[in-house]
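See structure below.
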Amino acid sequence: MIPELGSAAAIVALALALWGAVAAATGARTGRPALVLSAQHAALGVFVLVTACFALLTYAFLIFDFSVRYVAINTNLGTPFYYRITGVWGALEGSIILWTWMLALYTLIVILRHRESAHELYPWVLTVMLSVMAFFLLVITVAAPPFARLTPVPADGRGLNPLLEDTGMITHPVALYLGFTGVTVPFAFALAALITGRVGDAWITLTRRWTIIAWYFLSLGLLIGGWWSYHVLGWGGYWAWDPVENAAFMPWLTATAFLHSVMVQERRRMLKLWNLWLVILTFGLTLFGTFLTRSGVIASVHAFTQGSIGVFFLSFLALVLLTALALLAWRWDALSAQGELDSVVSRESAFLLNNVLLIAAAFTVFFGTVFPLLSEAVRGVKVSVGAPFFNQVNVPLFLALIFLMGVGPLIAWRRASPDNLRRSFLWPVAVGVAAAALFSALGIRSTLAVLALALTVFVAATIAVDFSRATRARLRMGERLLPAMGGLLRRHNRRYGGFVVHLGILIVTLGVTGSQAWSVQTETTLRRGEAAELAGYRVRFDGLTATEESNHFKVAGAFTVSNGRVLSVLRPAKKFYPQEQSPIAGVDYRLGFGEDVYLVLGDFARDGSEATVKLQVNRLVSWIWIGGAVLTLGALLAILPDRKKPA
């Protein structure tokens, strides 16, 4: 019964989405509000029906309904309750349902928020969002049906991918999908602006918070993905330039560029064409990333393999880009009329250079990701593009971007005077140079590490200079210190929310730099009672234990970690799943503010007398996660409604 109900709901939702898109467009062209209202009702119906699909699939997982092919492939009778829930979006078909449900939810919120505030744009926004929903519903009903029946019904299922049995499965995909689907809102407003000819600032004002929300969820998804890699996959890294990691990183880069360049349009009426293209490019990259993840053209621990769906996504991506290019060409005259750059030494120049560097980084990631595919298609030879390529090209770009994080917010608009440059940057530059000298004196020999740390200090100093200058101005008006600081954050939340985001990125940069420059590792085989030493830590092997879990067999080692006193007992493991040919590593670690002790169990003797262990001391990795928390606070501050009042 569940397969029939779910399939019927998806088909009706597709019909409603198509009708809603046509009705909204027709209502906009003919000036018939009744058709736009009908489209609103259709969008509500789509939300209800997709919610029903999602609920039915979840219920099928909970009751082990193996008559549903997707359930049989992604769960079994030994799957714990929690992972039956996350298994709903653990593979292709369920992830598309989650994606569609989030898109329907965003559409519903857009209706509630903008049906009165965006009269000319709103019907076309509804048209675009329902059209995108119709595409994903077409995928659900034709290319990747989640409710396809399986006959004969098996007694047990195959089980979820063991790497997905982690708490990160509920946060990482959800955050990324909220970011990917959230990009659809500014994209819809951008196309609506092109269709109606209202290509000024109105659509940017209406979508600023939507863009920040989508960017924040993309950021959060990337950070959670890094944490997941760090504590699950066993290689001890948080970023490997995996193709699917790259697929999520590219739209983050272009969305970051857009958030900076819209400030230039708002202030100087410049970059209208560029901003529209950035939004279109960001949305296109979310589709391209979805194609990479789900088409089966790449090998990745993240990828969902199903070749037929690739044609759907590439065709839709081509349709989106061709439509957008046609609309841009149609409105070319209106978009080309804009202000001009007054001086190279100005805030708008800094933001423009910021955009150039971000797009260059996005292109580098794109090229490195697709080059192996192109090479195999053209020459029939598989070529690997690894982390060294990405690091060599992108590290200088990212260092330049960090420098611009300090310059952009403080340099004057239009034309910076020598006095402005001296007042804004004398102390930050002096502090940055002093920091570089100090780090070199402390024995840091890596030029890149010294430069990254010095730039981090420089940018932090620019933030401190700006905030202290504004605080002193309020103190001179008679306010006390804490109310003055709080008033700045409340009344200028967009500016200082951006500063807090920058501070979070600086902390992440500190973590990345420290972990790359100073982490150490060793691999050794220990007999029971023997110990290995690394970076002041002593790790003693105490033995092995074997346990039978609900859906796998686990062998765990016991290792006592000390540095003059016993700190903890770590239990890295190997997990043996019936459906997997190779065991899955279960790492264990002791997190610290300055450094982590990280163990990965290797080969071991069956009698438990000896085991091979990979021991790592990872420096400053925790600062990456701390930076993510600070970034979250900054994004929340920037999203808050403006409360500017006369000083």
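Of the set (1) crowded, with 21+ Cβ neighbours inside 10 Å; (2) under 27 Å from the mean Cα position of the chain (by Cα); (3) among the β-branched types (Val, Ile, Thr), all apply to Val68 but (2). Can we say Gly487 is in a helix (DSSP H, G or I) and within 26 Å of Phe593 (Cβ to Cβ)? No, not satisfied. Residue check: is Arg474 surrounded by fewer than 17 Cβ atoms within 10 Å (Cβ to Cβ), modelled with pLDDT under 95 and not small (Gly, Ala, Ser)? For Arg474, the condition - surrounded by fewer than 17 Cβ atoms within 10 Å (Cβ to Cβ), modelled with pLDDT under 95 and not small (Gly, Ala, Ser) - is not met. Taking the options Ser375, Ser417, Ser384, Ser440, name whichever one is in contact with a Lys or Arg (Cβ under 8 Å, 6 or more places away or on another chain), surrounded by fewer than 17 Cβ atoms within 10 Å (Cβ to Cβ) and without any contact (Cβ under 8 Å) to a residue 40 or more places away in the chain. So the residue among Ser375, Ser417, Ser384, Ser440 that is in contact with a Lys or Arg (Cβ under 8 Å, 6 or more places away or on another chain), surrounded by fewer than 17 Cβ atoms within 10 Å (Cβ to Cβ) and without any contact (Cβ under 8 Å) to a residue 40 or more places away in the chain is Ser375. Do we have Tyr59 as at pLDDT below 90, part of a helix (DSSP H, G or I) and surrounded by fewer than 20 Cβ atoms within 10 Å (Cβ to Cβ) here? Considered against the rule, which asks whether it is at pLDDT below 90, part of a helix (DSSP H, G or I) and surrounded by fewer than 20 Cβ atoms within 10 Å (Cβ to Cβ), Tyr59 comes out as no. Residues in the stretch 420-435 that are of a type in the set (A, V, I, L, M, F, W, C) and surrounded by fewer than 20 Cβ atoms within 10 Å (Cβ to Cβ): Leu421, Leu426, Trp427, Val429, Ala430, Val431, Val433, Ala434, Ala435. In the stretch 561-580, the residue that is surrounded by the fewest Cβ atoms within 10 Å (Cβ to Cβ) out of those that are closer than 24 Å to Leu591 by Cβ and of a type in the set (A, V, I, L, M, F, W, C) is Val566.
Considering each residue of the stretch 31-42 in turn, none proves to be within 30 Å of His552 (Cα to Cα), in a helix (DSSP H, G or I) and small (Gly, Ala, Ser).
Residue count for the stretch 546-569 satisfying the condition of being β-branched (Val, Ile, Thr) and either assigned to a loop (DSSP other than H, G, I, E, B) or in contact (Cβ under 8 Å) with a residue 12 or more places away in the chain (or both): 4. Mind listing whichever residues of the stretch 477-504 are of a type outside the set (Lys, Arg) and within 27 Å of the chain's Cα centre (by Cα)? Within the stretch 477-504, Leu489, His492, Asn493, Tyr496, Gly497, Gly498, Phe499, Val500, Val501, His502, Leu503, Gly504 qualify.
Can you spot a residue in the stretch 532-543 that is in contact with a Phe, Trp or Tyr (Cβ under 7 Å, 6 or more places away or on another chain), outside any helix (DSSP H, G or I) and in contact (Cβ under 8 Å) with a residue 60 or more places away in the chain? Yes; the residues of the stretch 532-543 include at least one that is in contact with a Phe, Trp or Tyr (Cβ under 7 Å, 6 or more places away or on another chain), outside any helix (DSSP H, G or I) and in contact (Cβ under 8 Å) with a residue 60 or more places away in the chain.
Are any of the residues in the stretch 72-80 out of contact with any Leu (no Cβ under 9 Å at 6 or more places or on another chain) and part of a helix (DSSP H, G or I)? Checking the stretch 72-80: not a single residue is out of contact with any Leu (no Cβ under 9 Å at 6 or more places or on another chain) and part of a helix (DSSP H, G or I).
You will find that of Phe367, Phe398, Phe389, the residue that is within 30 Å of Ala461 (Cα to Cα), aromatic (Phe, Trp, Tyr) and part of a helix (DSSP H, G or I) is Phe398 and no other. Filtering the stretch 521-560 to residues that are crowded, with 16+ Cβ neighbours inside 10 Å, more than 16 Å from Pro572 (Cα to Cα) and touching a strand residue (DSSP E or B) at 6+ places or on another chain (Cβ under 9 Å) leaves Ala535, Tyr537.
Matching residues to (1) polar (S, T, N, Q); (2) in the same structural domain as Ala28 (by TED's automatic domain parsing); (3) closer than 29 Å to Pro578 by Cβ; (4) touching a residue at least 24 places away in the same chain (Cβ under 8 Å):
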residue: Pro145; (1), (2), (3), (4): no, yes, yes, yes
residue: Arg149; (1), (2), (3), (4): no, yes, yes, yes
residue: His172; (1), (2), (3), (4): no, no, yes, yes
residue: Gly179; (1), (2), (3), (4): no, no, no, yes
residue: Val199; (1), (2), (3), (4): no, no, no, yes
residue: Arg208; (1), (2), (3), (4): no, no, no, yes
residue: Ser219; (1), (2), (3), (4): yes, no, no, yes
residue: Leu222; (1), (2), (3), (4): no, no, no, yes
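Between Leu335, Leu397, Leu319, Leu358, the distinction of being among the aliphatic types (A, V, I, L, M), within 27 Å of Val128 (Cβ to Cβ) and free of Cβ contacts under 8 Å to residues at least 60 places away in the same chain belongs to Leu319 only.
Here is a yes/no grid of residues against (1) of a type in the set (A, V, I, L, M); (2) more than 26 Å from Trp625 (Cα to Cα); (3) out of contact with any Leu (no Cβ under 6 Å at 6 or more places or on another chain):
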{"position": "Asn493", "(1), (2), (3)": "no, no, no"}
{"position": "Gly498", "(1), (2), (3)": "no, no, yes"}
{"position": "His502", "(1), (2), (3)": "no, no, yes"}
{"position": "Thr524", "(1), (2), (3)": "no, yes, yes"}
{"position": "Leu534", "(1), (2), (3)": "yes, no, no"}
{"position": "Val539", "(1), (2), (3)": "yes, no, no"}
{"position": "Ala558", "(1), (2), (3)": "yes, yes, yes"}
{"position": "Pro572", "(1), (2), (3)": "no, no, no"}
{"position": "Ala585", "(1), (2), (3)": "yes, no, yes"}
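Surrounded by fewer than 14 Cβ atoms within 10 Å (Cβ to Cβ), at pLDDT 85 or above and polar (S, T, N, Q): does that describe Ser315? Taking the combined requirement at face value, the residue satisfies it.
The values are calculated or read from the model by the stated rules, or taken from the named source; none is laboratory data. These numbers come from a predicted model, not from an experiment. FYI the Cβ positions are ideal-geometry reconstructions off the backbone, even for glycines, and counts take in every protein chain you see.
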